[in-house]
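One structure is given here, and the rest of the page talks about it.
The values are calculated or read from the model by the stated rules, or taken from the named source; none is laboratory data. Note that the coordinates shown come from a computational prediction; the quantities given were computed from them, not determined experimentally. We place every Cβ from the backbone using ideal geometry, glycine too, and count neighbours over all the protein chains shown. Calculation scope for accessible area: heavy atoms of the full protein, side chains included, ligands and nucleic acids excluded. Shrake-Rupley method; radii C 1.70, N 1.55, O 1.52, S 1.80 Å.
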Amino acid sequence: MFNISRRPRRNRKSSAVRDLVQETSLQVSDFIFPMFVQEGSNQKVEVKSMPGIYRYSLDNLLEELKEVTDLGIRGIDLFPNYPESKKDKFASESYREDTFYLKAITAIKEKFPELAIMTDVAMDPYSSDGHDGLVEDGKIVNDATLEILGKMSLAQAKAGADILGPSDMMDGRVRYIRQYLDDHKFTDVSIMSYSAKYASAFYGPFRDALESAPKFGDKKTYQMNPANKREALLEAQQDFDEGADMLMVKPALSYLDIIRDLDQNFDIPIAAYNVSGEYAMIKAAALNGWLDGDRAMMEVLLSIRRAGAKCILTYFAKEAAIILNH
Ligand code: PBG
């Protein structure tokens, strides 16, 4: 008789056996749900390029959060949409004490004290230039941007943020922000650094959501070149040395190798941002009947965990939670 000594298919013969040998798993508590807040009341506006994702005014956001937390989701990442009239060169609105974004953070913390609230530390939603850093003579300047990031971070920490997400790829920002927070006695506020954030085409739908696309040029002088891997390790090393609590890779799908490299090289948790364009691709195909959206979603999320991410920022958080809770 033909003799095959090792038959890997035996470990796939039934659902029970497949589950027994499954190496990676997904939990609802792995997800951070990115959400968009805007000014006003009774607002719920669908983001055109992100079917199923909305910008909420605070009242509706609080209602939505009841659903989100009831599903077992433990973390959100909140982004503000500001009207053009509130934007300026210096992103001053970002640290004005009674600006709606900061008030929203406080209101959420009050109503959902157990929820981990992550915030975004970058100038773009508040910048009349639509860039993540301060623009001088058509250039994005680094060190002057850090001073603004410090003020923004402190304001978010005071408002009740649990985790700050510096997302602009300026040099030295983690050290600057950590020092600034500590000097003001916010030693318990965490930093999840966008360590390896690439200049990617996959952020398009997000910029629609925030109406925050750059007014000139692109983000290539600060976000990373998709061709580079060693540079990601350097960025991660610096953020680690500067005191980041968690490191993030963004986007996720075209950068699974980077997630793995960071996971293998750093003993702090690695997060991955399954970005807006990655969400939009699956949604568009599913809405056209071209693929099974639920299966594609679960496969993608699992693959990000398999690559080595401990937690995943994903617009699929709710839908995946519903499936996982079943
Ligand atoms: C900006 C920021 C971006 C995202 C998160 N924070 C966009 C950008 O860098 O242009 C993208 C998220 C997504 O695409 O889902 N600081």
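Within segment 261-286, how many residues turn out to be more than 23 Å from G75 (Cα to Cα) and either charged (D, E, K, R) or in a strand (DSSP E or B) (or both)?
1
On the given criteria, is M170 of a type in the set (A, V, I, L, M) and in contact (Cβ under 8 Å) with a residue 60 or more places away in the chain?
no
Condition test on E97, is it touching a residue at least 12 places away in the same chain (Cβ under 8 Å), in a loop (DSSP other than H, G, I, E, B) and over 24 Å from V174 (Cα atoms)?
It is false that E97 is touching a residue at least 12 places away in the same chain (Cβ under 8 Å), in a loop (DSSP other than H, G, I, E, B) and over 24 Å from V174 (Cα atoms).
Given the residues L313, L302, which is the only one that is more than 12 Å from P51 (Cα to Cα) and either aromatic (F, W, Y) or open to solvent by 20 Å² or more (accessible area, probe 1.4 Å) (or both)?
The match here is L302.
Hey, can you tell me all the residues within segment 34-91 that are open to solvent by 40 Å² or more (accessible area, probe 1.4 Å), in contact (Cβ under 8 Å) with a residue 12 or more places away in the chain and small (G, A, S)?
Across segment 34-91, the qualifying residues are G40, S41, G52.
Checking L181 against (1) more than 8 Å from the ligand (Cβ to nearest atom); (2) assigned to a helix (DSSP H, G or I); (3) open to solvent by 50 Å² or more (accessible area, probe 1.4 Å), only one condition comes out false. Which one?
L181 satisfies all of (1) more than 8 Å from the ligand (Cβ to nearest atom); (2) assigned to a helix (DSSP H, G or I); (3) open to solvent by 50 Å² or more (accessible area, probe 1.4 Å) except (3).
Those residues that are open to solvent by less than 10 Å² (accessible area, probe 1.4 Å) and either assigned to a helix (DSSP H, G or I) or not aromatic (F, W, Y) (or both), I need them from segment 184-194; list them, please.
Listed by number, the residues that qualify are I191, M192, S193.
Within the set of pairs 6 or more residues apart or between chains, which connect a residue that is touching a residue at least 12 places away in the same chain (Cβ under 8 Å) inside segment 255-277 to a residue that is away from the ligand (no atom under 13 Å from the Cβ) and among the aromatic types (F, W, Y) with Cβ atoms less than 6 Å apart?
Cβ pairs passing all conditions: F266/F240.
Is there a residue in segment 195-209 that is assigned to a strand (DSSP E or B), touching a residue at least 12 places away in the same chain (Cβ under 8 Å), near the ligand (Cβ under 10 Å from one of its atoms) and buried (at least 19 other Cβ atoms within 10 Å of the Cβ)?
yes
Answer yes or no as to whether D218 is open to solvent by 10 Å² or more (accessible area, probe 1.4 Å) and either in a loop (DSSP other than H, G, I, E, B) or on the phi > 0 side of the Ramachandran plot (or both).
When the stated conditions are applied, D218 passes them.
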